[in-house]
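What follows is a single structure, written as structure tokens, with notes after it.
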Amino acid sequence: MACDLTGGRAKPCKDAVGGVKKIHFVDFGDLGTVTIDSDDQVTDMGGTFNYHTYDVKGNSSLETNINSSIENGTTFFEQIVNLTLHKLSKEDNKELKLIAFGRPHVFIETFDGNVLLVGREHGAEVTGGTAVTGSAMGDLQGYTLTLTAGETTMPNFVDSPTAADPFAGMTSATATASAQRTL
């Protein structure tokens, strides 16, 4: 049976760290054929695409809710990206509007060097957010954005990313980084 367990899990070392370092956006459908191994890891992509990197720190996160219905016999994974960007700008207004209008694939780069793909099959939809100036001098002046994807797997780990290239292990993909704006 396809849902039989395959192994257990020992208690891991306490060497993990939380947090999101960077978020990379790719237009929906540009990844080409995505190759997934038996561990649900992305091992290759066949597309030619640009990726747009946002440096983040602090309140940005990735969480996955497991949704399973006993009555319907269904299970899916709700992948949620919470993004906080400091400082308002006219350029970000335009780009965040385009993200909200589209349904990009989202690659989350964590502080421990992993890259996870959110919205592999269906893309990630903007489901909320704010542009805020704050009320006190120490408050956030910037953006919050929530992107949500409904998928059949948890976010997929991407094979062999490097600090310089999140797509280094994707031998068939042609990935080009767009220029980052400095505000």
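Miscellaneous remarks
- Answer residue from the range 153-178, given it is touching a His at 6+ places or on another chain (Cβ under 9 Å) and assigned to a loop (DSSP other than H, G, I, E, B) and is farthest from residue 130 (Cα to Cα) among those: 167
- Among the residues of the range 14-49, not one is of a type in the set (Val, Ile, Thr), over 15 Å from the mean Cα position of the chain (by Cα), buried (at least 18 other Cβ atoms within 10 Å of the Cβ) and farther than 27 Å from residue 4 by Cβ.
- Residue within the range 140-161 that is more than 24 Å from residue 78 (Cα to Cα), surrounded by fewer than 14 Cβ atoms within 10 Å (Cβ to Cβ), touching a residue at least 24 places away in the same chain (Cβ under 8 Å) and of a type in the set (A, V, I, L, M) present: no
- Figure legend. Inter-residue proximity from the range 64-79: first residues touching a residue at least 12 places away in the same chain (Cβ under 8 Å) and over 25 Å from residue 106 (Cα atoms), second residues outside any loop (DSSP other than H, G, I, E, B) and open to solvent by 80 Å² or more (accessible area, probe 1.4 Å), beta-carbon distance below 6 Å, spacing 6+ or different chains. No pairs are indicated.
- The residues of the range 55-97 that are aliphatic (A, V, I, L, M) and open to solvent by 100 Å² or more (accessible area, probe 1.4 Å), listed by number, are 66, 70.
The values are calculated or read from the model by the stated rules, or taken from the named source; none is laboratory data. In this text, all values refer to a predicted model and were calculated from it rather than measured experimentally. Cβ: placed from backbone, ideal geometry, glycine included. Neighbour counts: every protein chain shown. Ligands, DNA and RNA are stripped out before the accessible areas are found, and what is left, the full protein with its side chains, is counted by its heavy atoms. Shrake-Rupley method; radii C 1.70, N 1.55, O 1.52, S 1.80 Å.
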